[in-house]
Amino acid sequence: MSPDQNFWEESNNNVVTDRDEDIVVTGLDAPPPELDTWGDAELKPKLIKNILKEKFVRPRKFQRIAIPLIMQGYDLKGHAEAGSGKTASFVIPIIHNIMSTKISLKKSDINAAFKQLTIKNSAEPYSVFIAPTRELANQAYSCFRTLSIRTKVHSILCIGGIPLKQIKNEINKGCDIICATPGRLIELIEKEIVKFDKLKFVVLDEIDKLFEMGYSAKNKCTEEDMRCLQKQECMYHQIQQILQSNGFPDKEERQTLVFSATFAQDTQKLVNKVLLKKTNCMVTNKKFELPNLRIQQEFIEVLTNNKLVLLLELLKKDTPDDDRNSNAKKGTQRNKTKENLKRTLIFVNLRSNVYKLTRYLQKNDINADGIERFNYQRQKTLDKFCQNKIQVLVSSDLCGRGIDVRGLTQVINYDIPKDKATYVHRIGRVGRVLEGQALSFFDPQQDQEHANYLVPVLQQTGANIPEYLIKAINNNRFGVSSL
């Protein structure tokens, strides 16, 4: 039994749920009672059956508070660590609401609406989910589909790489929920493939990333990342375009839900102003821009010139002894080494280094691949990683947003990220259910300034702080170079 399969047994579910960080609700004087069991939510029986089939034995701490609030119609900002159950917290009440809406309609009305939908070849969804990356949209779509089996609630995925003809064919089968990236959704709106006459729910995930590209990405991106960003319209303005499209309900006429693992104060203010009703609430662990406590954060002091050798040594250290000498052996021994590698996600700061590092690992008998660009091959490579067909994946931040691999236990920061938010997002790829390890290579000659944000993060999460990070902060304070 794999570690992630083992989690979904009841006893393990209870242990991990109890270890979730405490969640509070702000913005309301009298929030509804928390859930203890799924039965407390009075969900539709078929939905309950699907939830239990997925072995979601009991609600996570975030879900206990968020689901009742969403079911009562509140606009909501959701903030908690990665892997805390945020996706299911909106998927479940949205499916329940759509089921209730359909049941309340007469059968003749449903048939007439479906006939009209087919003739017009356009979608009139009850809910729209928007995410900054294809992977996040796909993950939400998978959750919607899994939990809506046999409920007559239909979801479609609208992202780049899926032919327009295929999307239209899916729409003809029925469309209650759309999961999309901003650019693709705008294309569907402009072609009048999507209309919003029935829209009730708007969900935006990783809102900090959607809005960051609007007002702060230019201050944080490398020149290489900026060239990539300039090829696509700013996502913040894309969201504005969607909100202002013909027939899109005003914020007073819809329910808006926004989620993120990090939630900067500037983002919260912008969300309140642009997206939410005046009366709204926030469900949060109050640990803004901090990683969850299931992540074991470790650092290794190493000069950049020595990183490649160290990385190779670390990747191979967990393989059996008879496999470590595979360079002197052939065939099955090489394959054996690859199969025994710990599944690892490696982050670099520059997209140009993704290919270089990937080729180095492949030449040294590591079953690795990299994602460099926004295209079909990117999704194909990520699918292989999720299916454990490759054990090591190399990515930059821009291409790595939204990566969510069940059972991933190790992230390596080959390069230290430029800021705290990026660090939190990177290492948040692990520790989503069980414990995970985040290992970072710290070059005292190049990364000294990053100690200013790393040390406070380690302090606030109770992690061990290496002496060389403290030394780096002192050097920064007194203007001492480590060269």
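The values are calculated or read from the model by the stated rules, or taken from the named source; none is laboratory data. Here the structure is a predicted model, which means the values were calculated and not measured. When we count neighbours, we look across all protein chains shown, and the Cβ atoms used for this are built from the backbone with ideal geometry, even at glycine.
Structure summary
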| item | result |
| --- | --- |
| Number of positions in the range 193-204 that are at pLDDT below 95 and within 14 Å of Gly78 (Cα to Cα) | 0 |
| Test for Val424: is it at pLDDT 90 or above, assigned to a helix (DSSP H, G or I) and either among the basic types (Lys, Arg) or touching a Pro at 6+ places or on another chain (Cβ under 8 Å) (or both) | no |
| Scan of the range 64-83 for residues that are closer than 13 Å to Ile94 by Cα, surrounded by 20 or more Cβ atoms within 10 Å (Cβ to Cβ) and in contact with a helix residue (DSSP H, G or I) (Cβ under 6 Å, 6 or more places away or on another chain), ordered by number | Ala66, Ile67, Ile70 |
| Counted residues, the range 343-381 - those being modelled with pLDDT of 85 or more and under 24 Å from the mean Cα position of the chain (by Cα) | 19 |
| Single match in Lys120, Lys168, Lys115, Lys107 (criterion: modelled with pLDDT of 90 or more and basic (Lys, Arg)) | Lys168 |
| Flag for Ala438 being more than 24 Å from the chain's Cα centre (by Cα), at pLDDT 90 or above and crowded, with 20+ Cβ neighbours inside 10 Å | no |
| Residues located in the range 152-200, provided they are touching a residue at least 60 places away in the same chain (Cβ under 8 Å), outside any loop (DSSP other than H, G, I, E, B) and surrounded by 24 or more Cβ atoms within 10 Å (Cβ to Cβ) | Ile177, Pro182, Val194 |
| Within the range 250-285, considering residues that are at pLDDT 95 or above and of a type in the set (S, T, N, Q), the one nearest to Asp22 (Cα to Cα) | Asn280 |
